[in-house]
Amino acid sequence: MSHISRKNKLLLLKFLSLFSVVRGYNILIIVIAQYLASIFILSPDLPLRAVIFDLNLFLIVLATALVIAGGYIINSFYDSEKDLINRPQKTKLDHLVSQKKILTLYFVLNFLAVVVASYVSFFAVLFFSGYIFGIWFYSHKLKKIAFIGNLTSASLALTPFFAVFIYYRNFETVIFVHATFLGLIIMIRELTKDLENLKGDLALGYHTIPIAYGERSAKAVITLLVGLTVIPTHLLIKTFDVGLMNYYFYGSLAFLLVYLFWLWNSRLKLHYLLLHNILKLILVLGVFSILLIKPNLVIDKLF
């Protein structure tokens, strides 16, 4: 009996290890964000059923999830030594499944993503193939380079929304302003992660902004980026009709001011981890705040 329970426990730990490597919670948030953006921003005039049961949209979202899962795997593979320094406990959990099996899964996930995309169109195959290559090239080369790594990471994080944006061919200005706000928050998060991972990056020769130019310079760049977020935030609140989502943008500015105050008083890894979580909270709240753009539309679509 104890043998069975030990075996089950090991299987559970391996499942948790796999879930940790592919960041299942992040993928779930991205899937929800893609659907909410499709329903309430990109196709507000379409009935809910038309979006939810759109097979091509489902295939695009599925292909995106498969590519991102593969992306987390290859990123974890290249960062394994660094993560042993920065996140020893999480890395031990991640390594419960052998690297060989993890890499096999990486190729399987990417292959499945291209197969799924082929049911949408040849252009979708090219798009997702480019996305796969972009993630690999970033993980292998670009992430070690100051500025370029941060810009590439932010661009790759926006790609899932770009995929559904292209599908609906909605080129309204408000969407680009939303994307600018999101891109700036992601850039701030990436620089915060560089501060958080300073020890491991330094040990393995990464040329991130904090290492190449110092922590104060990194904080100055972050402060500039926070200042720049005021522009799309002001436009979204004053120029475009975002409904009750304007409260989210006011709240985001308040969070960012608190973030900046803590940033300049932060010295330890734990401080930067807390700051990173503030930015994660802003991003997650942003996903569900899409429902506030047109609350009446939510009621109409649901009922």
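Go through the residues of the stretch 142-152 one by one and say whether even a single one is touching a strand residue (DSSP E or B) at 6+ places or on another chain (Cβ under 9 Å) and of a type in the set (Lys, Arg).
Yes, the stretch 142-152 contains a residue that is touching a strand residue (DSSP E or B) at 6+ places or on another chain (Cβ under 9 Å) and of a type in the set (Lys, Arg).
Residues are listed down the side, and each one gets a yes or a no for (1) closer than 13 Å to Ala146 by Cβ; (2) buried (at least 22 other Cβ atoms within 10 Å of the Cβ):
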residue: Glu172; (1), (2): no, no
residue: Ile175; (1), (2): no, no
residue: Ala179; (1), (2): no, no
residue: Leu182; (1), (2): no, no
residue: Thr192; (1), (2): no, yes
residue: Leu204; (1), (2): no, no
residue: Thr208; (1), (2): yes, yes
residue: Arg216; (1), (2): no, no
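Which one is surrounded by the fewest Cβ atoms within 10 Å (Cβ to Cβ) among residues in the stretch 110-125 that are of a type in the set (S, T, N, Q) and part of a helix (DSSP H, G or I)? Please lay out each step first, then the result.
In the first step, residues of the stretch 110-125 are kept if they are of a type in the set (S, T, N, Q); the result is 110, 118, 121.
If we keep only those that are part of a helix (DSSP H, G or I) as well, we get 110, 118.
Working: Asn110: 25, Ser118: 14.
If we take residues in the stretch 110-125 being of a type in the set (S, T, N, Q) and part of a helix (DSSP H, G or I), then Ser118 is surrounded by the fewest Cβ atoms within 10 Å (Cβ to Cβ).
Tell me yes or no: at least one residue of the stretch 232-249 is outside any helix (DSSP H, G or I), in contact with a strand residue (DSSP E or B) (Cβ under 7 Å, 6 or more places away or on another chain), modelled with pLDDT under 95 and farther than 21 Å from Leu274 by Cβ. Don't jump to the end; show me each part of the working.
Applying the first criterion (outside any helix (DSSP H, G or I)) to the stretch 232-249 yields 240-242.
Checking which are in contact with a strand residue (DSSP E or B) (Cβ under 7 Å, 6 or more places away or on another chain) leaves us with none.
No, every residue in the stretch 232-249 fails to be outside any helix (DSSP H, G or I), in contact with a strand residue (DSSP E or B) (Cβ under 7 Å, 6 or more places away or on another chain), modelled with pLDDT under 95 and farther than 21 Å from Leu274 by Cβ.
Look through Thr208, Thr159 and report the one residue that is modelled with pLDDT under 95 and over 22 Å from Leu57 (Cα atoms). Spell out how you get there, then give the answer.
On the way: Thr159 fails: over 22 Å from Leu57 (Cα atoms).
So the residue among Thr208, Thr159 that is modelled with pLDDT under 95 and over 22 Å from Leu57 (Cα atoms) is Thr208.
List every residue pair whose Cβ atoms lie under 8 Å apart, where the two residues are 6 or more positions apart in sequence or sit on different chains, the first residue falls within the stretch 263-285 and is within 15 Å of Lys219 (Cα to Cα), and the second residue, located anywhere, is not in a helix (DSSP H, G or I) and not β-branched (Val, Ile, Thr).
Pairs found: His271/Asn265; Tyr272/Ser266; Leu275/Ser266.
If you go through the stretch 28-73, how many residues are free of Cβ contacts under 8 Å to residues at least 24 places away in the same chain and within 14 Å of the chain's Cα centre (by Cα)?
Count: 1.
Looking at the stretch 93-115, can you tell me whether even one residue there is within 30 Å of Glu215 (Cα to Cα) and not aliphatic (A, V, I, L, M)?
Taking every residue of the stretch 93-115 in turn, at least one turns out to be within 30 Å of Glu215 (Cα to Cα) and not aliphatic (A, V, I, L, M).
Is it the case that Arg216 is out of contact with any helix residue (DSSP H, G or I) (no Cβ under 7 Å at 6 or more places or on another chain), of a type in the set (D, E, K, R) and under 15 Å from Leu260 (Cα atoms)?
So Arg216 passes the test.
Looking at Tyr131 and the list (1) over 19 Å from Ile30 (Cβ atoms); (2) at pLDDT 95 or above; (3) buried (at least 20 other Cβ atoms within 10 Å of the Cβ), which single condition is not satisfied?
Evaluating Tyr131 over (1) over 19 Å from Ile30 (Cβ atoms); (2) at pLDDT 95 or above; (3) buried (at least 20 other Cβ atoms within 10 Å of the Cβ) leaves (1) as the failure.
The values are calculated or read from the model by the stated rules, or taken from the named source; none is laboratory data. Quick caveat, the model's predicted, so the values are computed rather than measured. Note: ideal-geometry Cβ built from the backbone for every residue, glycine included; neighbour counts use all protein chains shown.
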